[in-house]
Amino acid sequence: MCVTGRSEELRLEGRKAVIFGGTSGIGMATVNALLALGAQVVAVSRSAQKYELSQFVHPCGTRGGLSLKSCDVLDRAALAALFKEEAPFDILVSAATGGSRALGPFLEMDIDGFKGSFDKFWGYANVVQLGAPHLSEKGAIVLVSGSPARKPRAGQVALAAVGASVEQFARSIARELAPKRINGTLLPRRPLLSEDTPSQPFPSSLEFAYTRASLCPPPPSWGTLF
């Protein structure tokens, strides 16, 4: 599927994006969307070495350039080295989960599994703290929040707690970044169209990626967008 109209309205030629969690799911869709808009993209994941550049094919065509990098968002030394190597860049996006996430009734949950779910939060914190100093002026940071943060279901206590932490982190850090003219954005993630729910009115991963890409240029005012 090709999202029409938006690629004509938005151009990212000459801009460089670093995308964590960029080799699967919505992260990969975001990489493809940014490539189609002309950005130079660095797709980062723990297992990037398993992928080939030819696997990133956008239905609208590709105008940008792509490189793949392996890095764990919980490894601060590796992150610092990656950012130093890729600096400067204009767009920083994180969709990395950071590790496994616990599901099921909280009273029966292994507490170490619950604690481990917060690896996503610490991954986001590492990416922002170590990556923001390397952003160009009027750069953009985009973090994604899961729906359980706002509408948790039974068995999603860990997901909801982590998501709520991410949302408050994004709101707070945006105010710190605003004086530096860096836009900190939280993009709440709605359920996506899948083969299991082909008739539900949810956005596809590509449409969601274009929404994310549209947040990358600097908006008129600086702060968190909702």
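Taking (1) of a type outside the set (A, V, I, L, M, F, W, C); (2) part of a helix (DSSP H, G or I); (3) within 27 Å of LEU177 (Cβ to Cβ); (4) modelled with pLDDT of 85 or more in turn, GLY14 satisfies each apart from (2). Sort out which residues of the range 14-28 are among the aliphatic types (A, V, I, L, M) and either buried (at least 24 other Cβ atoms within 10 Å of the Cβ) or farther than 16 Å from LEU68 by Cβ (or both), and write them in order of number. Scanning the range 14-28 gives ALA17, VAL18, ILE19, ILE26. Are there any pairs, at least 6 apart or on different chains, whose C-beta atoms fall under 8 Å, with the first in the range 33-50 and under 11 Å from VAL93 (Cβ atoms) and the second of a type in the set (Lys, Arg), and if so, which? Final answer for the pair search is ALA33/ARG212; ALA39/ARG15; ALA39/LYS16; VAL41/LYS16; VAL42/LYS16; VAL42/LYS69; ALA43/LYS69; VAL44/LYS69. Contact annotation: residue pairs with Cβ atoms under 9 Å, 6 or more positions apart or on different chains, pairing a residue in the range 113-131 that is free of Cβ contacts under 8 Å to residues at least 40 places away in the same chain with a partner that is assigned to a helix (DSSP H, G or I) and β-branched (Val, Ile, Thr), are GLN129/ILE173. Within the range 81-112, restricting attention to residues that are of a type in the set (D, E, K, R) and without any contact (Cβ under 8 Å) to a residue 24 or more places away in the chain, the residue that is nearest to ALA48 (Cα to Cα) is GLU85. Taken over the range 59-85, the residue count meeting the criterion of being over 16 Å from TYR124 (Cα atoms) and at pLDDT 95 or above is 3.
The values are calculated or read from the model by the stated rules, or taken from the named source; none is laboratory data. Quick caveat: nothing in here was measured; it's all calculated off a predicted structure. Here the Cβ is made from the backbone with ideal geometry for all residues, glycine too, and neighbour counts use every protein chain on show.
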